[in-house]
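Below is one structure, written out as structure tokens, with a few remarks after it.
Nothing in this text is a laboratory measurement; each read-out follows from the coordinates by a stated rule. Predicted, not measured: the structure shown is a model, and the values here were computed from it. Please note: Cβ atoms are built from the backbone with ideal geometry, for glycine as well, and neighbour counts cover all protein chains shown.
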Amino acid sequence: MTSAPPLVGGIIAAGEGSRLREAGFPVPKPMVRVAGVPLLESVIRNFAAAGIARISIIVNERERDCVEWASGRFPDITLDWTVKTTASSLESFAIVAGGPAAGRMLISTVDAWCRPADFAGFVEAARRRPEETTVLGLTPLVADEKPLGARIDGRGRITALGIPAPALVTAGMYLVSARARRLAPGAPCARLRDYLGWLIKEGEPMYGETIETVVDVDRAEDVALAESLAARPS
């Protein structure tokens with residue numbers, strides 16, 4: 001039997017971070033610190049905790065300094081960089097997901113903050129799902145201005161996205177099937193959330209795995225919330 005290829009990672013870090021800049025944070029979003037650790041470092045640590053040693057990362061053209069910094073910080077992890085200012089999270093996702101590595105790919109946004117053990121637990125659970133499925137991280141911690149709510153059935157399969165008053169929302173972490181990585185949308189999709197919804201309509205088997213505490217760090221209050229969670233005992 002042929003074994004599955006090693007799981008590779010991807011990080012979407014090309015957003016502008018305008019709300020954090022307006023709140024007085026003087027650094028690019030990937031370098032905003034939570035409990036003293038830059039968001040980019042936190043996400044790379046999460047991938048390392050999950051045993052992933054190769055990561056494709058996209059940053060925008062204003063974040064070029066992140067490339068040298070992170071490459072020096074993590075010499076034992078292969079970091080493949082794309083420096084490009086994109087029009088949307090979907091464009092960034094497509095660039096990262098479209099890399100040459102085969103098989104499934106674990107992708108996270110840079111602003112999805114959680115503890116490494118929680119991230120590794122998500123990856124372990126997600127990898128138990130069938131190889132042909134896409135698995136989304138979901139969280140009951142609804143701390144987002146525009147959360148993407150998800151409905152799941154008793155087997156954990158996602159049956160709908162974008163529902164009102166959700167109990168679970170997407171957490172910015174995705175184990176993407178080989179098929180979904182290569183599938184161009186056949187309908188207009190302006191955002192990543194539109195593409196995920198289109199995948200479900202196209203019949204992509206999609207499951208959810210719950211992570212109790214994930215913070216989407218977009219605002220100053222999100223940084224404060226993540227820091228309060230980081231200070232709690234593990």
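Structure notes:
- Annotation note: Cβ proximity below 7 Å between a residue of segment 205-234 that is touching a residue at least 40 places away in the same chain (Cβ under 8 Å) and over 21 Å from VAL123 (Cα atoms) and a residue that is of a type in the set (Asp, Glu) and outside any loop (DSSP other than H, G, I, E, B) (sequence gap 6+ or interchain) occurs for ASP222/ASP216.
- There is at least one residue in segment 123-140 that is free of Cβ contacts under 8 Å to residues at least 60 places away in the same chain and of a type in the set (D, E, K, R).
- Only one of the numbered conditions (1) surrounded by 24 or more Cβ atoms within 10 Å (Cβ to Cβ); (2) closer than 20 Å to ASP218 by Cα; (3) in contact with a Pro (Cβ under 9 Å, 6 or more places away or on another chain); (4) not aromatic (Phe, Trp, Tyr) is not met by GLY137, and that is (3).
- Selection within segment 217-234 - outside any helix (DSSP H, G or I) and touching a strand residue (DSSP E or B) at 6+ places or on another chain (Cβ under 6 Å): VAL217
For every residue, the table says whether it meets (1) more than 14 Å from the chain's Cα centre (by Cα); (2) buried (at least 24 other Cβ atoms within 10 Å of the Cβ); (3) within 15 Å of LEU175 (Cα to Cα).
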position	(1), (2), (3)
GLY17	yes, yes, no
ALA23	yes, no, no
PRO30	no, yes, no
GLY36	yes, no, no
ALA87	yes, no, no
PRO100	yes, no, no
ALA112	no, yes, yes
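- Residue in segment 119-127 that is assigned to a loop (DSSP other than H, G, I, E, B) and out of contact with any Ser or Thr (no Cβ under 7 Å at 6 or more places or on another chain) present: no
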